[in-house]
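Readers should treat all values here as calculations from the given coordinates under stated rules, not as data from a laboratory. As the structure is a prediction and not an experimental result, all values here were calculated from the model. Reconstructed Cβ throughout: ideal geometry from the backbone, glycine too, with neighbour counts over all protein chains shown.
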Amino acid sequence: MDMQVRKILTFVEESRSEAGQPAGVPLRKAAVVAIVKNPFAGHFASDLSALVDASAEIGRELSGLARDLLRPFGVESYGKGAVVGLAGEQEHGVAMLTTVFGDAMRAAAGGGKAWISSMTKRSGVPASIDIPLAHKDALYVRSHYDGISLTLFDAPLPEEIAVICAFANRERLNARVGGLTKDKIKGGDGLV
């Protein structure tokens, strides 16, 4: 299935200090959103595999753009999300974010062992969503528990899905709650 894309939105947030403490390396978060037509809006379909399959191409495009927005930095954490217009079902957004989409994100990030945090919901216009972020190689690295908040002012329309890829280049500024640190990642199971 060829997804009809109405528009692509990009978001970049860069934090250079926190609590009066300057960052040696800024925290840059980037999110890219594709507003696509939902072919299943308005009717029930038991088989959503067409959305899963189509998410590979959408995932490659969004992930490449998000990675480029982080430059000159690399990807350390990631997250994904979808907002489904009111004529669709939350399940339509979930179908766009399965492993097929996630594998495209991992490829753009230069690999990744960890499960990719996600958020999906239905909404009218305007829509807001918080995309959770976590370390790409080890989910238990607390310093990378973060997120990026997005507001979509004219999307999704009732028969659309907003599909979202988000990356960040580092941990939260001043992260200090303990636990596994990124230099101690074993990288075998995606958890530690």
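Straight-line cross-link partners of Lys7 among the lysines, defined as a Cα under 18 Å from its Cα and at least 8 positions apart when in the same chain: Lys37, Lys80. The modelled label-to-label distance between Gln90 and Leu191, using points 7 Å beyond Cα along the C-beta direction, is 2.6 nm.
For each of Asp2, Asp137, count neighbouring Cβ atoms within 10 Å of the residue's Cβ, then give the residues from fewest to most. Let's see the in-between values first.
On the way: Asp2 6, Asp137 22.
Least crowded to most crowded, the residues run Asp2, Asp137.
Calculate how large, on average over all directions, the projected area of the Cα convex hull of the stretch 1-82 is; give the answer in nm² to one decimal. Write out the running numbers ahead of the final one.
Details: hull surface 28.8 nm².
It is 7.2 nm².
Rounded to the nearest 10 degrees, the angle from helix 99-108 to the longest Cα principal axis of the chain is 40 degrees. Taking the longest Cα principal axis of the chain as reference, the axis of helix 49-70 is set at about 40 degrees.
Counting other C-beta atoms within 10 Å, which of Glu14, Glu61, Glu91 has the fewest, and how do the rest follow?
Numbers: Glu14 13, Glu61 19, Glu91 16.
Going from sparsest to densest Cβ surroundings: Glu14, Glu91, Glu61.
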